[in-house]
Amino acid sequence: MIAPSAPPLRPLQVWVLLLAAAMSSTVSLVLELMLATQASYLLGDHTLATGIVVGTFLAAMGLGAWLSQFLACGPNPFARLLRLFLLVELLLSPLCLLAPLGLFALFGAGGPVWLGLVVLTVLVGVLGGMEVPLLTRLLETQQHLRTALARVLALDYLGALVGALLFPLVLLPWLGLLPTAAVLSLVPLLSCLVICRVFPLERRWRWLVAGTLPLVALVAWAVLPLGDKIEDSLYDDPVVGRVQSRHQRIVLTRRRDDLRLFLDGNLQFSSLDEYRYHEALVHPVMAFHRQPRRVLLLGAGDGLALREVLRWPGVQRVDLVELDPAMLQLARRHPFLRRLNQGSLDDPRVHLHTGDAFERVRHLAGTYDVVIADFPDPATAPLARLYSVSFYGRLLQLLAPDGRLVTQASTPFFTPKVLASIQATFEQLPLTTRAYSVDVPSFGPWGFVIAYRAGQSLQATPLPFMGRWADDAQIARLFPLARDLRLAPGEQVRPNRLLRPVLAEYQRQSRWSGP
């Protein structure tokens with residue numbers, strides 16, 4: 001039924017309300033994704049952060065919808081409904097601006113970041129949950145309920161889709177977290193301004209909203225430079241480079257001769273000892289192949305492992321597959337990083353491929369004498385699939401008959417199940433494995449697994465150069481893995497599969513954090 005005694009709405013007014021709801025839905029979803037990304041960056045657990053934000057947001061939306069039934073009751077509620085809708089939009093604006101700052105402040109003060117994340121998500125969800133029923137009641141004054149509800153939900157879901165695409169593809173890589181928050185805070189105010197203009201009943205609010213808009217814009221402008229200052233405070237050394245891509249936050253710090261790379265706040269290398277890791281990753285597997293000419297390098301977009309590969313004079317071609325073009329660009333252009341990798345990415349023997357290695361390797365032609373996988377630790381299911389039986393099966397198809405494959409395998413002292421599971425995963429295929437470990441002062445003992453076709457043997461050829469760590473004597477005593485880096489007698493692990501990414505769980509069972 002159409003509600004009686006309601007002022008008729010012009011088509012323009014209807015569309016303004018619907019578009020305001022769509023834009024509000026976009027803002028709410030972007031803010032939700034932004035909070036999940038920020039919590040993952042600060043606390044390191046992307047899966048838990050996403051689960052908490054999504055679940056809490058949906059539950060809070062239900063709470064907001066339930067609460068809306070008690071608002072603007074009684075006869076002729078149109079004016080009160082419209083003002084409540086405006087109030088929801090006005091409250092959303094400062095929340096967009098201050099929520100990311102609040103999480104940073106909690107983290108910096110050592111406060112309960114997870115609790116802060118839940119509280120902020122509840123506030124966003126309650127406001128978002130109120131909008132649909134309030135708007136439906138407004139439109140019900142001149143339309144049948146089924147029509148009003150269908151139009152509101154259609155625009156609301158469309159706005160959510162826009163937000164879901166806009167954040168990872170445009171806002172995060174081009175603006176970053178705090179600038180995105182600043183832009184978002186202006187959108188609800190602009191919606192309010194348009195509503196006040198097309199509804200004569202609310203024109204007296206126009207000047208209030210018009211005055212609030214430049215004030216919020218001024219505060220947003222003041223917030224913009226705080227992002228870098230807050231980030232600087234999270235690191236011990238001065239930040240000398242930062243890039244936000246749609247995949248990750250890349251930060252370079254430097255103090256005297258120590259250049260450090262962080263991805264999403266996690267240390268990737270220190271220039272003081274990175275040579276131990278990269279020489280240990282590259283030179284043993286190259287030495288165990290008598291004449292490596294074609295090499296496939298997966299990950300390693302910083303160019304440091306590539307630097308070591310190119311030291312082998314017989315190498316004719318290297319295909320490097322890197323997920324993040326921003327990492328490659330930084331490694332080629334940043335003077336400190338380019339000096340460290342010796343300009344390896346610009347060598348004419350190197351062919352760069354960007355994209356997800358899981359899919360990208362399908363499109364590579366030919367076979368490789370050596371395949372080197374230098375992925376981050378398998379702490380999440382998306383990363384764990386790069387250590388799966390399925391992925392290793394694809395790499396096996398690219399491996400020459402006498403080829404060798406190596407992968408980093410986390411730290412076997414603190415996560416021994418990770419290395420053991422990687423070995424078990426390789427051995428689901430017709431491959432034999434050998435594990436070894438090297439001490440890297442910044443990280444402790446670090447593990448690697450070499451795989452090769454069953455029935456072959458590992459015989460190292462002399463190195464054609466002397467590395468800082470690598471020499472013939474070091475390679476000769478790589479095996480066996482020390483007993484305290486292996487599983488306890490009787491302890492079992494499962495191979496890592498796409499449908500059962502056990503490595504992510506084994507990585508979380510690190511002795512760093514306890515069981």
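The values are calculated or read from the model by the stated rules, or taken from the named source; none is laboratory data. Bear in mind the structure is a predicted one, so any value in this text is a computation, not a measurement. So basically every Cβ, Gly included, is an ideal-geometry build from the backbone, and we count neighbours across all protein chains shown. Note: accessible area is taken over every heavy atom of the protein model, side chains too, but ligands, DNA and RNA are not part of it. Shrake-Rupley method; radii C 1.70, N 1.55, O 1.52, S 1.80 Å.
Residues Met466, Met61, Met23, sorted by accessible area with the largest first, give Met466, Met23, Met61 [1.4 Å probe; ligands and nucleic acids excluded]. Per residue, the chain exposes an accessible area of 44 Å² to a 1.4 Å probe, with every protein chain left in place.
Relative contact order (percent) for the chain, with alpha-carbon contacts under 8 angstrom and 6 or more residues of separation? It would help to have the intermediate numbers written out before the result.
Details: 863 pairs, mean separation 63.3, N = 515.
It comes to 12 percent, rounded to a whole number.
Note on semi-axes √(5λ) of the Cα gyration tensor in Å: of the candidates (1) 48, 33, 24; (2) 38, 27, 25; (3) 54, 23, 20, the value calculated from this structure sits at (3).
Mind checking the full-extension length gain between Ala217 and His363? Use 0.36 nm per residue of separation minus the Cα-Cα distance, one decimal, nm. Don't jump to the answer; show the numbers that get you there.
Numbers: separation 146, 0.36 × 146 = 52.56 nm, distance 4.79 nm.
Contour length minus Cα-Cα distance gives 47.8 nm.
Once label points are set 7 Å from the Cα along Cα→Cβ at both Arg500 and Leu145, what is their separation, rounded to one decimal in nm? Output for this residue pair reads 5.0 nm.
Using a simple spin-label model with pseudo-atoms 7 Å out from Cα toward Cβ, Leu12 and Leu190 lie 1.9 nm apart. Share of carbon and sulfur in the accessible area of the chain stands at 62%, probe radius 1.4 Å.
Need the full-extension length gain, Ala109 to Gln342, defined as separation in residues times 0.36 nm minus the C-alpha distance. One decimal, nm.
Values: separation 233, 0.36 × 233 = 83.88 nm, distance 3.99 nm.
Gain in length upon complete extension: 79.9 nm.
Translational diffusion coefficient of segment 136-182 (Stokes-Einstein, Kirkwood radius from Cα pairs, 37 °C, 0.692 mPa s): 262 µm²/s. How high is the relative contact order of segment 352-488, in percent, with contacts defined as C-alpha pairs under 8 Å that are six or more residues apart? Result for segment 352-488 is 21 percent.
Which value at 222 nm does the chain reach when only helices count, each DSSP H run of 4 or more adding -39,500 (n - 2.57), with the total divided by all residues and rounded to the nearest 500 deg cm²/dmol? Could the numbers behind the result be given before it?
Values: 18 runs with 261 residues, N = 515.
My calculation for the chain gives -16500 deg cm²/dmol from helical runs alone.
For segment 386-476, the list of chymotrypsin sites (Phe, Trp or Tyr not before Pro) that fall in a loop by DSSP and count at most 13 other C-beta atoms within 10 angstrom reads Phe465.
Treating each Cα of segment 425-515 as one equal point scatterer and applying the Debye formula with no solvent, the log10 of I(q)/I(0) at q = 0.20, 0.21 Å⁻¹ comes out as -1.26, -1.32.
Sparse packing (at most 14 other Cβ atoms within 10 Å of the Cβ) combined with a DSSP loop state is found for the following trypsin sites (Lys or Arg not before Pro) in segment 198-261: Arg256. The relative contact order of segment 151-287, computed from alpha carbon pairs under 8 Å that lie at least 6 residues apart in sequence, is 16 percent.
Taking amide H as placed 1.01 Å from N in the peptide plane, Leu399 has its amide H under 5 Å from the amide H of Tyr368, each at least 5 places away in sequence or on another chain.
With a cut-off of 18 Å, note down the residues of segment 348-386 whose backbone N falls inside the zone around a label point 7 Å from the Cα of Leu487 toward its beta carbon. Those under the cut-off are 378. Computing FRET efficiency as 1/(1 + (r/R0)^6) for Asp236 and Arg333, where r is the C-beta to C-beta distance and R0 is 30 Å, gives about 0.75.
With charges only on Cβ, +1 for K and R and -1 for D and E, what is the dipole size of the chain about its Cα centre, in debye, rounded to 20?
Details: 47 positive and 38 negative charges, 156 e Å.
Charge dipole of the chain: 740 debye, to the nearest 20.
If R0 is 35 Å, the Cβ-Cβ spacing of Ala154 and Leu71 corresponds to a FRET efficiency of close to 0.90.
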